[in-house]
Amino acid sequence: MRTRFGECALAMQRIDAEQLSEALDGAQREQQRLGQWLQQQGYLTGADVRDILAEQFQLPTLDQIALDTLERTALTLSGPWWALGWELGRPSAQLYVASADPMDLPGWDRARAVARTEQADAQVMLCVASQAELGALRAEPLAALSDEEIVAQTQQCLVDAVRQGASDVHLQPESDALRVRFRVDGVLRSYARFAYPLGQRFLDATRLHMGLDIGRGSAPQDARTQIHVDQRDIDCRVAQMPTHSGDAIVLRLFDRERADLRLGDLGLSAAAQALLAPLAESPSGLVLFLGPTGSGKTTTLYALLAHMDREQRCIVTLEDPVEYRLPGARQTSLERIQGVGFADGLRALLRQDPDVMLIGEIRDADTASVAVQAAL
C-alpha cells in the first residue's frame, strides 16, 4: 500500500506532526490537496512538494534525469506534463515525461496515447518536476521561434488554461521575466516563466491575439474576444494595466456552455448541498454568495438556478457580462444597454414579472436596496 503524502512529508522531516494535523484539517475544510494547502500556507516549497511526491510514488525527480542522453521530441502534452525526449540505445521505445502531478491518471493516459502516435510500442517513463521547473521547460524551446509560432504558443497557453478549469490567466511582468499563472479553484498556480526578451514577445503576441491596441503603449485597456477549445466557444474578457515592471494582463475565461452544472458537480460537502438545495424551492428571500475573484460565486449561483423548475418559474438574470447560457432563463447583459446600471436594470427587470432574479453584482446602496425590496 502506497504511503500517504503527509506521512512521507513527516518521515522526510519537511513538516512536523503539529503542521500535519493542521494541514489535514485545513485541506479537508478548503477541499484542497494536502501538498497544495501546505505550499499555499508556506510550510512547503515547490521543490519540497516535488521531492515528497517522488518519494510517495517511488519516482525520480527531474534533476535525476540525464537530459543530455535523451533525443528531444516535438511531442506536446497539456496540463502539468512535459515530454522530455526518447531514451537512446534502448531496444524498446521509452519516452521520458516530466509531471508536477503523478496522481493525474487522465494525464498518464494522454501521455501514453501521444507517445504511441510516434512509436507503437512506446513506454512512458515518468519523473516528477515542480511547477517552476515545468515553466522553465516550456520556455526553453520558445526562444528561437518565429512570431507566428509564438502566437501559436499563446493559443496553447489558453487551451491549457481551459482544460485545467482555470477562471483567469495572469500575465505578470517581473524585473527579468514574464510570469504566467492560472487561477484554478480560486488559487493561482504557476504555468510558465519566460525570461526577456522572450517574455516581451509572448506578452505582445497575447495583446495581438486578444485584440488589444499595441500602439497605445502602456495604458489601461479592456477587450473581449472568443477562442475555440475542444469544440466549445470560450469567451475571454481581457484587462491590461501598467505596472512598474511593465503591462500586466489578466484574461477572464467564460465557458458559457457549463451552465448545466449541478450542485453535486461543484465539490460541495453533503451538508452544504443540503443547505442550498431547499433554497431553490423557496418562493421568496435573498441569497448572497460572497468570495474572492475566481472562487466560484457565479458558478454556484448558476448551479442553484439549474436546480430550479424553469418550466413553471420565470427566471431572469442581470449581469456584466452574461457568464453562462442557461436554457429557459431570460438573461440580460448590461454591456448591451448603454447608460444603465445594476439598480436601474433591476427596476426594469421587476416589470418583467420574474419569479427568480440573479444579480451579477451589488456594487452600491441603491442596488442593494432594490434587491432587498424585491426579495421581500
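The values are calculated or read from the model by the stated rules, or taken from the named source; none is laboratory data. Bear in mind that the values here come from a model prediction, so they are computed numbers and not experimental data. Every residue, glycine as well, gets a Cβ built from its backbone with ideal geometry; the counts of neighbours run over all protein chains shown. Surface areas here come from the heavy atoms of the whole protein model, side chains and all, with no ligands, DNA or RNA. Shrake-Rupley method; radii C 1.70, N 1.55, O 1.52, S 1.80 Å.
Just a few scattered comments:
- Filter result for Gly85 (touching a helix residue (DSSP H, G or I) at 6+ places or on another chain (Cβ under 9 Å), modelled with pLDDT under 80 and either not hydrophobic (A, V, I, L, M, F, W, C) or not in a helix (DSSP H, G or I) (or both)): no
- One residue from Ala23, Ala98, Ala11 being open to solvent by less than 80 Å² (accessible area, probe 1.4 Å), among the aliphatic types (A, V, I, L, M) and either touching a residue at least 24 places away in the same chain (Cβ under 8 Å) or out of contact with any Phe, Trp or Tyr (no Cβ under 8 Å at 6 or more places or on another chain) (or both): Ala98
- Single match in Gln56, Gln28 (criterion: at pLDDT below 90 and assigned to a helix (DSSP H, G or I)): Gln28
- Residue ID - most open to solvent (accessible area, probe 1.4 Å), chosen from residues in the range 353-365 that are under 23 Å from Ala280 (Cα atoms) and part of a loop (DSSP other than H, G, I, E, B): Asp353
- Single condition Asp233 does not satisfy, out of (1) open to solvent by less than 50 Å² (accessible area, probe 1.4 Å); (2) in a strand (DSSP E or B): (1)
- Any helices (runs of 4 or more DSSP H) falling wholly within the range 253-352 and containing at least 1 residues that are open to solvent by less than 50 Å² (accessible area, probe 1.4 Å), free of Cβ contacts under 8 Å to residues at least 40 places away in the same chain and in contact with a helix residue (DSSP H, G or I) (Cβ under 7 Å, 6 or more places away or on another chain): 270-276, 342-350
- Residue within the range 165-174 that is open to solvent by 60 Å² or more (accessible area, probe 1.4 Å) and at pLDDT below 85 present: no
- Neighbours by Cβ (under 6 Å, 6+ apart or cross-chain): first from the range 354-376, touching a residue at least 24 places away in the same chain (Cβ under 8 Å) and among the polar types (S, T, N, Q); second assigned to a helix (DSSP H, G or I) and surrounded by 13 or more Cβ atoms within 10 Å (Cβ to Cβ): Thr367/Phe342; Thr367/Ala343
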